[in-house]
1. Within the range 16-43, count every residue that is in contact (Cβ under 8 Å) with a residue 60 or more places away in the chain, assigned to a loop (DSSP other than H, G, I, E, B) and crowded, with 20+ Cβ neighbours inside 10 Å.
2. In this structure, does Ser156 turn out to be in contact with a Leu (Cβ under 9 Å, 6 or more places away or on another chain), surrounded by fewer than 17 Cβ atoms within 10 Å (Cβ to Cβ) and over 17 Å from Ala50 (Cα atoms)?
3. Just need a number here: residues in the range 155-191 that are more than 16 Å from the chain's Cα centre (by Cα), among the aliphatic types (A, V, I, L, M) and not in a helix (DSSP H, G or I).
4. Within the range 73-122, work out how many residues are part of a helix (DSSP H, G or I), aromatic (Phe, Trp, Tyr) and within 26 Å of Ser48 (Cα to Cα).
5. One residue is enough: does the range 137-147 have a residue meeting the conditions of a type in the set (A, V, I, L, M, F, W, C), open to solvent by 40 Å² or more (accessible area, probe 1.4 Å) and closer than 20 Å to Leu109 by Cβ?
6. Find the residue count for the range 50-72, including only residues that are outside any helix (DSSP H, G or I) and open to solvent by less than 10 Å² (accessible area, probe 1.4 Å).
7. Pick from the range 129-154 the residues that are in a loop (DSSP other than H, G, I, E, B) and without any contact (Cβ under 8 Å) to a residue 12 or more places away in the chain: which of them is nearest to the chain's Cα centre (by Cα)?
Amino acid sequence: MPHFKVKGQDFFFLHIPKTGGKMLEQVFSQFGLRSGHDVLDSKPDAFSFAIIRNPLDRLVSSFFYLKAGGCCGMDADDALKYDIKNNDFGPWVKMLHADSENYFKQQHLRPMTKQIGNISFIDHYILFENLEEETKEIHKAFTGHEIDNLPIVNASKHDHYETYYTEETQKLASEVYSDDTLLYKSIKGKA
């Protein structure tokens, strides 16, 4: 697992797709922060952290990211393979609900909890909606100075996530990502 060291302390960042991890990689690249979309099977032997996002928001972001071709040919191929390229969001959520295990093979659609494994493997969760504030705090702790402008990296283009859901599709997506919703609400309740 990729670790990086700051001021003598080891850190591990689990990059869950479509949570803002590319921005963190860019801001902290000077420390060797790099990540992959690994699935944890054990507790890292470093202070571990990850970003989590409202699952309904993350699903919209993943859908439109893949629909636009993602960042590589494999993402574009997956947009076809997982029925995204030629579908609208609502009908696609119904397909996802009907065959979620198949869709979970795509890293951007895999639930955050499946990526994490045991949620105690992560020492600190950053909420996506607090990402800018926490990144600035981490930057100051690591470097001793403030950062003003954070880069926007790999953002998908779409309206506010709630506009894409009907009552039915929100219920279906919530069922598919129920464990993620529990984790998100738990972390949000502590924030």
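The values are calculated or read from the model by the stated rules, or taken from the named source; none is laboratory data. Because the structure is a prediction, the values reported are computed rather than measured. Note: ideal-geometry Cβ built from the backbone for every residue, glycine included; neighbour counts use all protein chains shown. SASA here: full protein model, heavy atoms, side chains in, ligands and nucleic acids out. Shrake-Rupley method; radii C 1.70, N 1.55, O 1.52, S 1.80 Å.
1. The total comes to 6.
2. Numbers: in contact with a Leu (Cβ under 9 Å, 6 or more places away or on another chain): yes; surrounded by fewer than 17 Cβ atoms within 10 Å (Cβ to Cβ): yes; over 17 Å from Ala50 (Cα atoms): yes.
Considered against the rule, which asks whether it is in contact with a Leu (Cβ under 9 Å, 6 or more places away or on another chain), surrounded by fewer than 17 Cβ atoms within 10 Å (Cβ to Cβ) and over 17 Å from Ala50 (Cα atoms), Ser156 comes out as yes.
3. 1
4. Number satisfying all stated conditions: 1.
5. no
6. The first filter runs over the range 50-72 and keeps only residues outside any helix (DSSP H, G or I), leaving 50-54, 68-72.
Then keep just the ones that are open to solvent by less than 10 Å² (accessible area, probe 1.4 Å); that gives 50-52.
Residues in the range 50-72 being outside any helix (DSSP H, G or I) and open to solvent by less than 10 Å² (accessible area, probe 1.4 Å): 3 in total.
7. Selected residue: Asn149.
Per-residue answers, yes or no, for (1) within 30 Å of Asp10 (Cα to Cα); (2) at pLDDT below 95; (3) aromatic (Phe, Trp, Tyr):
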{"site": "Ala46", "(1), (2), (3)": "yes, yes, no"}
{"site": "Phe49", "(1), (2), (3)": "yes, yes, yes"}
{"site": "Lys67", "(1), (2), (3)": "no, no, no"}
{"site": "Asp77", "(1), (2), (3)": "no, no, no"}
{"site": "Lys81", "(1), (2), (3)": "no, no, no"}
